[in-house]
Amino acid sequence: MFAKKVETKSIAMISVIALILSLFTSPIGSSANKNMKVSKASGTYVVTASTLNVRTGNSTKYKRLGYLKKNKKINVSGKTSNNWYRFTFNGETGYVSGAYLKAAPKKKTPSNDSNITKVSGEYTVTASTLNVRSGASTKHKKIGSLRLGSKINVTGKTSTAWYRFNYKGRTGYVSGSYIKKTNSSQIKPTYIKGVLIVNKKYSLPDSYAPGESTAARKAFNVMKNDAKKKGFNLTVFSGYRTYSYQNQLYQHYIARDGKAAADLYSARPGHSEHQTGLSFDIGEVGNESQWFSETSATKWMANNAHKYGFIVRYPKGKEHITGYKYEPWHLRYLGKDLAANVYNSGLTLEEYLGIN
């Protein structure tokens, strides 16, 4: 009887000892140690081992969740004191040994040269094909290309001799090695039958800067006084523009509306009548919101401007000839005799002068 009791106690004692030992030798369950200290860490790391086990905690005693192959990239969210890294693995929190990881090299994103000097003017492409890039180097993304002889109006130059310009509504860059400034000395003002012509075909050099025409201003003042008697208080809201200023306007409109839309109402630099000093955009004082609309005042001007030496330069229904949409506010000074002849002909200036 006594022997049986001793045997029973011995078995019970062995069971307790086995249970205690199992706590130290058995694999830890799926949950990581709640007391584990994990410091903040972030970044992308690459696996260097052929296979790397992923566990539920920061040692090989924890349950294995799966594995990672060599060169696999992970985004870590923490690091333990014994150099294990925490990350998300198949929707669960996993840990891998830092001994088999290395920090992924950071991608070098080419930055646009912030040191851009202001440069303006027309440049001509000299290469058979010239790539347009999103930044000032060949490392930047290609966004298009230009053909030999293409003209661009630049807005800036980087310290590495790349030129910035507006390309289809985006900021583009081309290497200065394959463009040259258009020789403005080769561009001469075009006179047809004694009339200075500026349109989409005929341009002015960037050096052409006559300022506002005195004769045109005097004629406007006379028209303004007569219009006031009819109840219209006219004002010139846009007159003479330099080549540089027209370039700024044109680039702004392209950025806002796109090149195709901008070309319907804005001239490229060198192709604007405003650079001649002979054209005025005219509206009514106190009615600024209607400056770019057909109003009672513009209707009066359409019927009477020729008496003062002006014509409506871009009339309705003639867009296919002038290249611009109807602008009842844009008047061009020609002098009384010629303006009357053009008005009475019902033709555009191009048609009247026989310009193709």
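Taking segment 308-328, which residues are free of Cβ contacts under 8 Å to residues at least 60 places away in the same chain and either part of a strand (DSSP E or B) or open to solvent by 40 Å² or more (accessible area, probe 1.4 Å) (or both)? Full working, then the answer.
At the first step, the residues of segment 308-328 found to be free of Cβ contacts under 8 Å to residues at least 60 places away in the same chain are 311-321, 326, 328.
Within segment 308-328, Ile311, Val312, Arg313, Tyr314, Lys316, Gly317, Lys318, Glu319, His320, Ile321, Tyr326, Pro328 qualify.
Listed residues Lys193, Lys181, Lys118; which is under 30 Å from Asp337 (Cβ atoms), surrounded by fewer than 18 Cβ atoms within 10 Å (Cβ to Cβ), touching a residue at least 24 places away in the same chain (Cβ under 8 Å) and not β-branched (Val, Ile, Thr)?
Lys193
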(request) Please state which of the following conditions Phe292 fails to meet, knowing it meets all the rest: (1) open to solvent by 10 Å² or more (accessible area, probe 1.4 Å); (2) part of a helix (DSSP H, G or I); (3) farther than 25 Å from Tyr208 by Cβ. (result) (2)
(request) Have a look at Phe280, Phe232, Phe220 and point out the one that is surrounded by 17 or more Cβ atoms within 10 Å (Cβ to Cβ), in a loop (DSSP other than H, G, I, E, B), modelled with pLDDT of 95 or more and among the hydrophobic types (A, V, I, L, M, F, W, C). (result) Phe232
(request) List every residue pair whose Cβ atoms sit under 8 Å apart, with the two residues 6 or more apart in sequence or on different chains, where the first one lies in segment 76-100 and is assigned to a helix (DSSP H, G or I) and the second, anywhere, is surrounded by fewer than 18 Cβ atoms within 10 Å (Cβ to Cβ). (result) Gly98/Asn83; Ala99/Asn83; Tyr100/Thr48; Tyr100/Ala49
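For segment 196-205, which positions are more than 15 Å from Gly277 (Cβ to Cβ) and crowded, with 19+ Cβ neighbours inside 10 Å?
Narrowing segment 196-205 to residues more than 15 Å from Gly277 (Cβ to Cβ): 199-203.
The answer is Asn199, Ser203.
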(message) Could you list, ordered by first residue, the pairs with Cβ atoms under 8 Å in which the first is in segment 40-57 and farther than 15 Å from Leu68 by Cβ and the second is exposed (fewer than 13 other Cβ atoms within 10 Å of the Cβ) and among the aromatic types (Phe, Trp, Tyr), at least 6 apart or interchain?
(response) none
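Being modelled with pLDDT of 90 or more, at negative phi and basic (Lys, Arg) is the requirement here; does Lys259 meet it? Please lay out each step first, then the result.
On the way: modelled with pLDDT of 90 or more: no; at negative phi: yes; basic (Lys, Arg): yes.
Considered against the rule, which asks whether it is modelled with pLDDT of 90 or more, at negative phi and basic (Lys, Arg), Lys259 comes out as no.
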(message) Which residue is nearest to Pro269 (Cα to Cα), if the candidates are limited to segment 121-170 and must be assigned to a strand (DSSP E or B), open to solvent by 40 Å² or more (accessible area, probe 1.4 Å) and out of contact with any Phe, Trp or Tyr (no Cβ under 8 Å at 6 or more places or on another chain)?
(response) Arg170
(message) Can you tell me which of (1) part of a loop (DSSP other than H, G, I, E, B); (2) open to solvent by 60 Å² or more (accessible area, probe 1.4 Å); (3) not hydrophobic (A, V, I, L, M, F, W, C) is the one Pro269 doesn't meet?
(response) (2)
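What are the residues in segment 340-356 that are part of a loop (DSSP other than H, G, I, E, B) and either surrounded by fewer than 18 Cβ atoms within 10 Å (Cβ to Cβ) or among the aromatic types (Phe, Trp, Tyr) (or both), if any? Outline the logic, then answer.
Going residue by residue through segment 340-356, those that are part of a loop (DSSP other than H, G, I, E, B) are 346-348, 354-356.
The answer is Gly346, Leu347, Gly354, Ile355, Asn356.
The values are calculated or read from the model by the stated rules, or taken from the named source; none is laboratory data. Note that this is a predicted model, so its numbers are computed, not measured. Every residue, glycine among them, receives a Cβ derived from its backbone with ideal geometry; neighbour counts consider all protein chains shown. Side chains are part of the model used for accessible areas, which takes the heavy atoms of the whole protein and leaves out ligands, DNA and RNA. Shrake-Rupley method; radii C 1.70, N 1.55, O 1.52, S 1.80 Å.
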